[in-house]
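A short worksheet on the structure shown next.
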Amino acid sequence: MSLQPAPLLALDDLVVEFRGRRHNVAALNGVSYSVAAGETLAIVGESGCGKSVSAQAVMGILDIPPARIVAGQIRYRGTDILAWPERRRRTLRATKIAMIFQDALSSLNPVYTVGEQIAEMFRVHRGESHSAARRKAIEMMERVRIPDARRRVGDYPHQFSGGMRQRIMIAIALSLEPEVLIADEPTTALDVTVQAQIMALLHELKEESQLALILITHDLGVVAEVADRVAVMYAGQVVEDAPVRTLFSSPAHPYTQGLMASIPRLGQRGSRLPALRGAPPTLSAPPTGCPFHPRCAYGRPVCLDRLPPLRPVEEDHSSACHFAEEVMARD
Amino acid sequence: MSRYVLRRILQTIPVVLGTTFVIFAMVFALPGDPIRALAGDKFLAPSVIAQLHKEYHLDDSLPIQYAKYMSGLAHGDFGRDFNGDAVSALIRERWPVTVKLGLTAWVLETVFGILLGLLAGLRRGGVVDRGVLLLTTVVISVPALVLAFLAQFVLGVKLGIFPIAGVADGWPVSYLLPAVILAALDLAFIARLTRTNLIENRRADFVRTAIAKGLGPWRVVGKHTLRNSLIPVVTYLALSFGYLMSGTVIVEGIFNLPGLGNLVFQAIQRQEGPVVVGVSTLLVLVFILTNLVVDVLYGVLDPRIRYD
Amino acid sequence: MTEPVAVDQAMAAGQPAVLAEISEGNLRRDAWLLLRGKPEFLISATLILVLLFIAAFPGLVASLFGHGDPRVCDLASSGLGPRAGHPFGFDLQGCDLYANVIYGARPSISIGLLATSTSFVVSAVLGILAGYHGGFVDAAVSRLMDVFFGFPFILGGIIILTAFPHRTVWTIAFVLALFSWPTGTRLMRSSALALRDADYVLAARALGASSPRVMIRHVFPNAVAPLLVLSTLAVGGIIAAEASLTFLGVGLRLPAISWGLQLSVAQGYLRQYPHMLFFPALFLSLTVLAFILLGDALRDAFDPKLR
């Protein structure tokens with residue numbers, strides 16, 4: 001990560017625990033990743049690996065309790081926002097860092113019109129008048145390509161299709177021109193064709209305004225298309241971090257390798273798709289040493305004892321595997 | 001919206017027809033002489049029975065009887081008592097007391113029910129929350145009847161803070177205690193409903209969005225949590241007014257307030273069956289009307305409903 | 001696995017991995033484990049067992065003190081307070097109040113259980129038929145529910161019971177069931193409606209199971225828990241309603257022995273003989289409380305989210 005410009009947003013060794021009645025569960029176990037202006041960072045991993053939790057920690061929308069940030073930093077332009085007072089963080093998430101969610105229907109308030117929900121950003125944070133805010137809401141709806149925006153501004157969320165609702169979420173998120181947009185599986189709940197439209201829209205909007213985009217997904221196809229960098233997460237840790245081309249051509253972690261191998265390819269007929277063996281670990285009782293060892297083809301005795309740190313394996317490419325070099329050579 | 005309201009009104013018509021039919025069938029159409037049944041053990045002179053048979057059209061065939069019964073209701077005719085007086089005249093005399101009592105109870109349960117529910121829900125698991133849960137469990141478990149006696153005995157007889165019965169002291173002194181008892185059950189329900197909805201909505205995705213939008217805590221709770229949480233509460237409040245009307249039978253009976261409930265109460269004691277049925281029918285119709293208001297209100301508050 | 005709240009919260013925060021160890025099949029066992037540790041459940045269950053025993057063998061319990069016969073009265077003792085051999089004192093006729101209160105448990109509890117079980121069966125059958133079949137059956141049941149929802153509980157009872165001059169435990173239970181079935185039916189209907197399209201129901205139908213079989217084997221067992229909770233809560237409500245109707249004079253009538261009648265008589269002597277009011281009121285309240293607590297505990301066990 002050395003040649004990159006100073007990152008806009010960086011997570012540094014973030015540890016988040018969920019407090020249970022009997023034991024605590026570490027949802028994030030020292031997570032680090034960063035994103036620069038104009039860059040798209042994809043975070044991939046199986047469900048439950050901590051992708052969303054890391055984003056919620058940034059936005060300050062973790063359920064506290066039971067969640068608790070135990071250690072680490074979240075740095076915006078170099079300063080740790082976890083140390084900021086709540087009021088300042090609030091302004092930050094309104095104006096600099098925004099987020100959209102997987103389920104746009106439940107994420108929009110059912111009893112207010114979409115216009116009101118977009119206009120609220122301008123009214124609360126910019127102190128604009130009712131009518132000015134409404135005008136800007138229409139502008140935002142047009143910007144996210146909602147047809148007939150002027151007429152639809154007074155409609156309620158349930159009157160829109162899934163794709164249109166996600167556009168509204170995007171309109172709310174981008175209304176104050178933030179620098180970072182976190183998209184938490186924004187297309188998972190949508191039809192395939194609509195998925196492509198939303199991804200295209202996000203990409204366009206990003207290009208227009210030098211937005212840093214953090215895209216949380218488990219769709220490697222999308223990653224290959226839009227991401228600049230990829231952070232692969234497993235069991236609450238980033239296990240590999242690399243530019244997208246490097247990751248796809250020479251993965252340096254057995255887990256990434258497994259993910260790559262499970263992507264179906266055109267022209268590859270007749271052979272069974274290899275799937276990752278086993279199931280992801282339960283976070284309440286994680287395996288000792290490297291969390292991936294029970295499913296790993298490269299496992300050695302050391303993997304049971306020592307947690308491999310995320311370390312650079314080549315320029316701008318890190319992996320958390322004791323045998324990363326061997327993994328890269330094998331590919 | 002107006003289509004929605006119209007549809008609700010149309011849907012209410014079969015309900016009114018159905019309930020009145022049930023009343024008519026159970027009271028007037030079962031085998032045996034309905035007038036003798038309504039009189040209980042009371043002796044009625046044959047002339048009175050004959051007169052009432054005529055009043056209730058009991059010599060006609062059942063369909064004609066029902067038609068005449070319905071047209072009577074439509075014209076505000078709720079039957080006659082054994083003295084031949086119109087029940088509607090008794091109702092006209094009594095309704096102000098009941099409305100005063102009902103409204104007082106309704107305001108009490110609205111203000112205190114919502115307030116307690118909010119206090120409990122905002123600090124879930126805290127002292128207030130535990131207190132409210134305990135208190136509402138007790139109120140829900142102790143029948144209104146017992147609650148009324150308890151209040152009458154402790155606050156009226158022992159401490160002498162409130163009059164035990166009657167309306168001699170006027171509003172609010174004479175009405176306050178009965179109103180509290182009348183409101184108690186629904187107050188407890190409203191507190192619980194408010195609490196549950198508030199807790200549920202605080203974890204809703206759209207509240208998370210509101211926080212992510214950088215809104216302050218007051219706006220997040222006040223604008224994005226409360227309105228959604230209070231929709232079921234407001235509709236229950238409207239429904240509750242109908243329940244209160246039927247609760248007046250017991251409360252006005254025990255506290256001797258001369259309203260409609262008391263009219264029913266005394267008519268039961270005096271075995272004036274026709275009065276019981278007539279006034280109760282009116283109260284049922286009021287209840288159905290409040291149900292209609294609830295539906296319309298729901299449509300006003302929740303856009304998802306009215307665009308169905 | 002006894003921390004449903006924490007799990008629930010973890011899930012809300014996007015942590016499904018913790019859930020892996022908690023499968024649906026364990027729900028019933030979890031409910032039982034959860035119940036066993038709850039003081040509300042233990043207290044209410046014990047109380048209900050005691051009350052059922054009293055209702056079944058009132059003579060046995062009544063004879064614990066004094067002569068134990070509710071109908072042996074001496075006007076000379078009219079209204080006397082509690083004393084040796086007569087822990088609750090005497091009523092207006094000079095009968096032993098303790099024996100009377102004990103004998104009063106049977107009609108109240110019988111009516112509560114009778115009315116509730118009747119409306120349970122009606123709700124289960126009509127609700128599943130309406131929800132699973134839809135169409136005409138659903139329309140008919142729904143309209144019928146609308147009509148009975150049009151009556152506030154007590155008022156409906158007053159109107160109909162006024163027309164029945166000869167009232168027994170059976171008539172009163174019938175009338176109360178008549179006005180309480182719609183709530184359960186609506187609940188059951190919505191459960192059945194949701195289950196109609198559940199994968200395992202579709203699978204059973206695809207494998208050729210007949211409609212009655214699907215309803216009995218698949219829909220009923222999966223929809224019954226909420227109805228069970230509602231019915232338990234309803235027993236308390238019905239008992240309170242019966243006492244109120246009897247108090248008003250449209251329920252049981254003398255010479256029956258019932259808490260409602262005892263309260264009705266005592267009301268006129270609030271100043272002179274408060275004990276006549278206190279003991280029947282206490283037993284009535286405890287009975288209602290017991291069923292409501294049990295219902296609450298069951299609800300928490302079956303659906304932790306509701307709390």
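The values are calculated or read from the model by the stated rules, or taken from the named source; none is laboratory data. On a predicted model such as this, the values are computed, not experimentally measured, just so you know. Methodologically, a virtual Cβ is constructed for each residue, glycine included, from the backbone with ideal geometry; neighbour enumeration extends over all protein chains shown. Heads up: the accessible areas ignore ligands, DNA and RNA and are worked out on the full protein's heavy atoms, side chains in. Shrake-Rupley method; radii C 1.70, N 1.55, O 1.52, S 1.80 Å.
Computed about its Cα centre, the charge dipole of the stretch B:95-261 is approximately 900 debye, with only Lys, Arg, Asp and Glu carrying charge at their Cβ. Chains A and B together bury roughly 2300 Å² of accessible surface, counting both sides and using a 1.4 Å probe on protein heavy atoms. Given the options C:285, C:185, C:134, identify the residue whose Cα lies farthest towards the positive end of the charge dipole of chain C (+1 on Cβ of Lys, Arg; -1 on Cβ of Asp, Glu). So the residue furthest toward the plus end is C:134.
Annotation: peptides C:275-288, C:149-162, ranked by per-residue average of other Cβ atoms within 10 Å with the highest first, follow the order C:149-162, C:275-288.
The H on the amide N of residue A:67, modeled in the peptide plane, is under 5 Å from the matching H of A:19, each at least 5 residues off or on a different chain. In the stretch B:125-168, burial by the other protein chains removes 50 Å² or more of accessible area from B:141, B:143, B:145, B:146, B:149, B:153, compared with the chain on its own (1.4 Å probe, ligands and nucleic acids ignored). Dividing the convex hull volume of the alpha carbon atoms of chain B by its residue count gives 165 Å³ per residue.
Calculated from the alpha-carbon coordinates, the stretch C:150-192 shows an Rg and a Dmax of 12.4, 40 Å respectively. Partner shielding of C:142-154 amounts to 6, given as the average count of beta-carbon atoms from other chains within 10 Å of each residue beta-carbon.
Each peptide in C:239-251, A:120-132, A:249-261 gets a packing score, the mean of other Cβ atoms within 10 Å over its residues, and the list from highest to lowest is C:239-251, A:249-261, A:120-132.
Put simply, the amide H of residue A:238, placed in the peptide plane, has neighbours under 5 Å in A:32, leaving out anything fewer than 5 places away on its chain. For helix C:274-302, what angle does its Cα long axis make with the longest principal axis of chain C, in degrees from 0 to 90 and rounded to 10? Value to nearest ten degrees: 10.
Projected label points at residue A:262 and residue B:200, each 7 Å from Cα along the beta carbon direction, are separated by 3.6 nanometres.
Among the listed pairs A:51/A:136; B:54/B:100; B:42/B:100; A:51/A:206; B:68/B:100; B:223/C:38, which have their C-alpha atoms separated by more than 28 angstrom in this model? The pairs that break the limit, which is 28 Å between Cα atoms, are A:51/A:136; B:54/B:100; B:42/B:100; B:68/B:100; B:223/C:38.
If you roll a 1.4 Å probe over the heavy atoms of the protein chains, what accessible area per residue do you get for the stretch C:99-244, in Å²?
39
Take the Cα of residue C:209, step 7 Å toward its Cβ, do the same at residue A:285, and the gap between the two points is 3.3 nm. Computed from point charges on the beta carbon alone (+1 for Lys and Arg, -1 for Asp and Glu), the dipole magnitude for the protein assembly as shown about its Cα centre is near 380 Debye. Using only Cα atoms and rounding to the nearest 10 degrees, what angle (0 to 90) does helix A:86-95 make with the longest principal axis of chain A? Roughly 80 degrees, rounded to the nearest 10. When Rg and the Kirkwood Rh are both derived from Cα coordinates, the Rg/Rh ratio for the protein assembly as shown amounts to 1.06.
Interface burial in the stretch C:273-289, defined as at least 10 Å² less accessible area with all protein chains than with the chain alone at a 1.4 Å probe, covers C:274, C:277, C:281, C:284, C:285, C:288, C:289.
Can you list the equivalent-ellipsoid semi-axes of the stretch C:54-162, largest first and in whole Å, using the square root of 5 times each Cα gyration tensor eigenvalue?
On the way: eigenvalues 424, 54, 12 Å².
Taking √(5λ) for each eigenvalue gives 46, 16, 8 Å, largest first.
Helix screen, chain B: DSSP H segments with Cα axial length of 15 Å or more and mean Kyte-Doolittle hydropathy at least -1.0 are B:2-28, B:62-74, B:87-122, B:127-141, B:173-202, B:226-255, B:273-301.
For the residues of A:46-56, the average number of beta carbons from a partner chain within 10 Å of their own beta carbon is 3. Against chain A, whose longest principal axis is taken from its Cα atoms, helix A:130-143 shows a tilt of about 50°. Taking all protein chains into account, the per residue accessible area for the stretch B:87-172 stands at 51 Å² (1.4 Å probe). Shown are B:290, A:282, A:193, A:91, whose ranking by accessible area with a 1.4 Å probe and every protein chain present, most to least, is A:193, A:91, A:282, B:290. Taken one residue at a time, the phi angles of the stretch C:175-185 give Karplus couplings (6.51, -1.76, 1.60, θ = phi - 60°) of 5, 5, 5, 4, 9, 10, 5, x, 4, x, 5 Hz. Gly and Pro are set to x.
From the largest down, the stretch A:7-227 spans 52, 39, 36 angstrom on the principal axes of its Cα atoms.
Accessible area buried by the pairing of B and C, both sides summed with a 1.4 Å probe, works out to roughly 4000 Å².
Projecting the Cα positions of A:24, A:42, A:154 onto the charge dipole of the stretch A:7-227 (unit charges on Cβ atoms of Lys, Arg, Asp and Glu, taken about the Cα centre) puts A:154 furthest along the positive direction. Here the dipole of chain A is about 780 debye; that uses its Cα centre as origin and unit charges on the Cβ of Lys and Arg (positive) and Asp and Glu (negative). When only alpha carbons are used to place a centre, the stretch C:66-120 and the stretch C:163-189 end up 26 Å from one another.
Positive-end ranking of A:173, A:250, A:212 along the dipole of the stretch A:147-252, with charges on Cβ about the Cα centre, is headed by A:173. For chain C, carbon and sulfur atoms together expose 68% of the accessible surface, with a 1.4 angstrom probe and every protein chain in place. Rounded to the nearest whole angstrom, the semi-axes of the ellipsoid equivalent to the stretch B:95-261, taken from the Cα gyration tensor as √(5λ), stand at 35, 16, 12, largest first. Using R0 = 45 Å, the C-beta based FRET efficiency linking residue B:17 and residue B:45 works out to 0.80.
Here chain B exposes an accessible surface that is 67 percent carbon and sulfur, computed with a 1.4 Å probe and the other protein chains kept in place.
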